[in-house]
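Comments concern the structure below.
The values are calculated or read from the model by the stated rules, or taken from the named source; none is laboratory data. Note that this is a predicted model, so its numbers are computed, not measured. Cβ: placed from backbone, ideal geometry, glycine included. Neighbour counts: every protein chain shown. Side chains included, ligands, DNA and RNA excluded: accessible areas come from the protein's heavy atoms. Shrake-Rupley method; radii C 1.70, N 1.55, O 1.52, S 1.80 Å.
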Amino acid sequence: MYRRFFIALALFAGIIGICSFVGFEEDPLTKISRQLQKWTKEQPVEKVYLQLDKPYYAAGEDIWFKAYVVSGGDRRLRNISDIVNVELIDEIDSVKQSLKLPLDSGAANGDFALPDTLHQGNYRVRAYTNYMRNAGSEYFFDKAVPVINTIWPCKKITNKTSAVNKAAGKTDVQFFPEGGSLVNNIPTKVAFKAVAPNGLGVDIKGVVTDNEGRQVAQLSSAHLGMGVFELTPVSGITYQAKIIDKNGAQFTAKLPFVVDKGYVLNIDQNGPQSLLVKITASGTMSVNASNELTLVAQSGGKIYYSHKAKPGTIPFTSVIPKNKFPSGLVQFTLFLSSGEPLNERLVFVQNPDQLNLTITGNQRVYAPRQDVKLTLTAQDGDHKPVKGDFSVAVIDESKTPVYEANENNIIANLLLTSDIRGYVEQPAWYFNNPNDKTRAALDVLMLTQGYHRFEWKRILDDDFPAKQYQPENSLQLSGTVLTVGGKPVVNGKVKLFDLDSIEFTRDTVTDEQGRFVFKNLTFDDSVRFIVQARTDKNKKNVDIKMDQPIRAGTSGNINGPDFNINVSNSLSVYAQNSSRLYAEQRKYGLGNHVFTLQEVVVREKKEKLRYSANLNGPGSADQIVDGRLLRDLGCANIPDCLQGRLLGVTFRSGVAYSTRDYKPMQLIVDGVYVDKYFLNNLNYTDVQAIEVLRNASFTSIYGGQGGSGVLLVTTRRGGDDDSYPEPIYGRGITTNFPKGYYKTREFYSPRYNWPETNKHVADLRTTVFWGPNLRTGADGRVSFEYFNAGSKGTYRVVVEGMGADGSIGRQVYRYSVE
């Protein structure tokens, strides 16, 4: 998980022997600057951040979020993409819900309604644009979100990541010499990171000895298993650390080998205002006439500092003011005159260049259900008003305790975690209260977890990665028209119809490969299309193959360590309130609740199930669900649609379980015995009917495989569905139910000054207010108003957002309700 992304310092002889690297034919700094500009233009970086209304939830509640999509080194809310994808993923990497949202000036807001049947456990909310897939899922926004369920208890599913980590069984320690390598006789900082089997940092201490047993250094972690010590290595000597972790386990770990010749790039945090940079060379390398060096510091693809070291001027020392750089990651790289990168050092710069946000209220102490009026003021460092886009969440902190070190945080995300691969533990801790301790710990993090947005050699050689995924600027539908023999239909006529709006039609023609595309479409998630195709001679005897979007893979969860949280123990306070809230909402028919009904059997004519593979005979079942019900409900997947609608059946992570023995039911699709998870992969639009077999009179014919019940799925054939005016799957015509834009719901906030508001309902809300669209005007101010919940306690207001210039802001404000 904690791979090193430093460019290792090569041996001098090895450097001379690297003939594959093309040397500079011009001044190195000129080429580096030009290639960086070219890279940022052709390969712009896009990032997504989501502010959530709170850190954890209960089944039956809503997850509210605001998406900020930024690009470029200045991180402005500008659009490379016009669409952002947001997904809710469970512990076994199954997508439970997915949304597609249009961006307005780089921002969007949405929500997930959590059914009260959702099993308890750790989920994650992931957000990305299609263009971001070029960089890999490591750079997606990905946040662990615990969900409790106090109403529908079920056995917790073991998450794969924690199972693998526990199997490892011991603490892992890695060592990272500053700049890349241990060089003979040069004092060097060595950072280390200790990770427990659960993926979290673990405190250690110990001593470093050489191969003759002499102690040469001591080590002790300072924060989350990370620390640093200094060592003057000697060539030919090997080093190891004798370590003891906080649990008392003792073990040894080897340090990297020592090289004879090379350079060391050392950077110290010279207080909060400057950096102390030092370059040291071993042996005669500093006086070699061919060893002119160039030091470059870049951030976001722009060079902010450079220095040329002439032969004989090493060692080199310089104090660099931090205000030369923007806040965030700064990459220092040392180059040879040939263009070969030697050493690399990542530094984090924390400047006071964030927005100054102030929240003021008409009073500091309020009563339950009282009207609250707050004003947000945004200013820059010179106290000038800032126009910006913000979102606000108000929670009852007495019922929703917040662990701020690990909280969602726009500053920590956009400046730090969005640029580093792998898991960063408690990222907000470094930014909530910056001081000497947090700055020192953040510097050790830079030494142990490297930057990997690009590779220098590929940039300098014009070897940019190909863009497999293009920015989504609108919705579109595409496909191929083929003859019965499988040849492309050229200049074929293709029409697009909306089944729910007879006024909507589009026309296009196929190209030489039989391809067609309908661009610049705008439609909601529930749309139902018919695509009709004919040859240029108006013949209908053709086949249409619609392109199916390929969703980004869900494996490789970077939040694995966070998934080790025991949800039921850590959220006990929240769980108690959620139980009371659930009972109150259910009394008045509120919330995302599933009500268990008496058994409803849909009696169909047996000829409607003539394709059924039921061994008892078509329609001989305890319960039958018509496929039209699934299409009308429009759930994210079939298990969600069926949850609470089948008597004696419950679903966990998409798997059907019998409530009689809580074992998986046998799933059969068109007579084929399939895996228990297969229902997640089946499109609900393809289902004709589902037969449920529970009683022994129906299951006995299936033997032992039907002991816990059977779900029989019969898929649709041409002409099966009488809800359409004509057969759907005939030649030259097909249906398509694409993923459209999600229609975001509005957060409900009761107004207790309205006479029609039901004041008899106990107001136990934990999210008191959610405002995703706060925009400050020319005076830098915007006001918002809401009513408190019905409980006393401490209410916490969190505002996050961005100015038009890309500046980031976050502010936390608290008041009392008595």
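List of remarks:
- Q468 being of a type outside the set (A, V, I, L, M, F, W, C), touching a helix residue (DSSP H, G or I) at 6+ places or on another chain (Cβ under 7 Å) and either open to solvent by 60 Å² or more (accessible area, probe 1.4 Å) or modelled with pLDDT under 90 (or both): yes
- The criterion of being buried (at least 22 other Cβ atoms within 10 Å of the Cβ), under 17 Å from V812 (Cα atoms) and not hydrophobic (A, V, I, L, M, F, W, C) does not hold for S398.
- Residue among K242, K246 that is surrounded by fewer than 19 Cβ atoms within 10 Å (Cβ to Cβ), under 34 Å from the mean Cα position of the chain (by Cα) and not aliphatic (A, V, I, L, M): K246
- Listed by position, the strands (runs of 3 or more DSSP E) enclosed by segment 236-281 that each have at least 1 residues that are more than 25 Å from G225 (Cβ to Cβ) and touching a Leu at 6+ places or on another chain (Cβ under 9 Å) are 263-270, 274-281.
- Near pairs, Cβ below 7 angstrom, 6+ apart or cross-chain, from segment 464-478 (on the phi < 0 side of the Ramachandran plot) to any residue that is hydroxyl-bearing (S, T, Y) and open to solvent by 60 Å² or more (accessible area, probe 1.4 Å): L475/T522
- Any hit, segment 666-685, residues being touching a residue at least 60 places away in the same chain (Cβ under 8 Å), buried (at least 18 other Cβ atoms within 10 Å of the Cβ) and either in contact with a Gly (Cβ under 7 Å, 6 or more places away or on another chain) or more than 23 Å from S98 (Cβ to Cβ) (or both): yes
- Within segment 520-540, restricting attention to residues that are farther than 20 Å from V489 by Cα and assigned to a strand (DSSP E or B), the residue that is most open to solvent (accessible area, probe 1.4 Å) is N520.
- Test for T294: is it modelled with pLDDT under 95, under 19 Å from I186 (Cα atoms) and more than 35 Å from the chain's Cα centre (by Cα): no
- Residues that are among the hydroxyl-bearing types (S, T, Y) and within 21 Å of P368 (Cα to Cα) within segment 763-818 comprise T766, T767, S783, Y786, S791, T794, Y795, Y813, Y815, S816, listed in sequence order.
- Considering only residues in segment 297-319 that are β-branched (V, I, T) and closer than 18 Å to Y263 by Cβ, the one that is surrounded by the most Cβ atoms within 10 Å (Cβ to Cβ) turns out to be I314.
- Which numbered condition K193 fails, given (1) modelled with pLDDT of 95 or more; (2) not in a strand (DSSP E or B): (2)
- Residue-level check: of (1) modelled with pLDDT under 95; (2) over 19 Å from R345 (Cβ atoms), Q269 misses just (2).
- Qualifying residue in segment 450-462 (condition: aliphatic (A, V, I, L, M) and open to solvent by less than 50 Å² (accessible area, probe 1.4 Å)): yes
- Residue check for G485: surrounded by fewer than 19 Cβ atoms within 10 Å (Cβ to Cβ), modelled with pLDDT of 85 or more and within 39 Å of the chain's Cα centre (by Cα): no
- Test: R631 is at pLDDT 75 or above, out of contact with any Asp or Glu (no Cβ under 7 Å at 6 or more places or on another chain), of a type in the set (K, R) and not in a helix (DSSP H, G or I): no
- Flag for L712 being at pLDDT 85 or above, within 14 Å of N616 (Cβ to Cβ), open to solvent by less than 30 Å² (accessible area, probe 1.4 Å) and not in a loop (DSSP other than H, G, I, E, B): yes
- Being in contact with a helix residue (DSSP H, G or I) (Cβ under 8 Å, 6 or more places away or on another chain) and either open to solvent by 10 Å² or more (accessible area, probe 1.4 Å) or in contact (Cβ under 8 Å) with a residue 40 or more places away in the chain (or both) holds for only one residue in E818, E785, E800, and it is E800.
- Taking each residue of segment 58-70 that is at negative phi and of a type in the set (D, E) and looking for partners that are modelled with pLDDT of 95 or more and open to solvent by less than 10 Å² (accessible area, probe 1.4 Å) with beta-carbon atoms closer than 6 Å, six or more apart or interchain, yields D62/D111.
- G740 being modelled with pLDDT of 90 or more, of a type outside the set (S, T, N, Q), open to solvent by less than 10 Å² (accessible area, probe 1.4 Å) and under 30 Å from L679 (Cα atoms): yes
- Options V195, V190, V202; residue that is farther than 30 Å from F563 by Cβ and among the β-branched types (V, I, T): V190
- Residue under evaluation K66, criteria (1) under 27 Å from Q811 (Cα atoms); (2) open to solvent by less than 10 Å² (accessible area, probe 1.4 Å); (3) not in a strand (DSSP E or B), criterion not met: (3)
- Check on A144, at pLDDT 95 or above and touching a helix residue (DSSP H, G or I) at 6+ places or on another chain (Cβ under 7 Å): no
- Selected residue (criterion: nearest to L416 (Cα to Cα)) from residues of segment 350-368 that are at pLDDT 95 or above and surrounded by 19 or more Cβ atoms within 10 Å (Cβ to Cβ): L355
- Positions within segment 479-503 being assigned to a strand (DSSP E or B) and among the aliphatic types (A, V, I, L, M), in sequence order: V481, L482, V494, L496, I502
- Helices (runs of 4 or more DSSP H) contained entirely in segment 397-478, each with at least 2 residues that are under 20 Å from N343 (Cα atoms) and over 16 Å from the mean Cα position of the chain (by Cα): 436-448, 456-460
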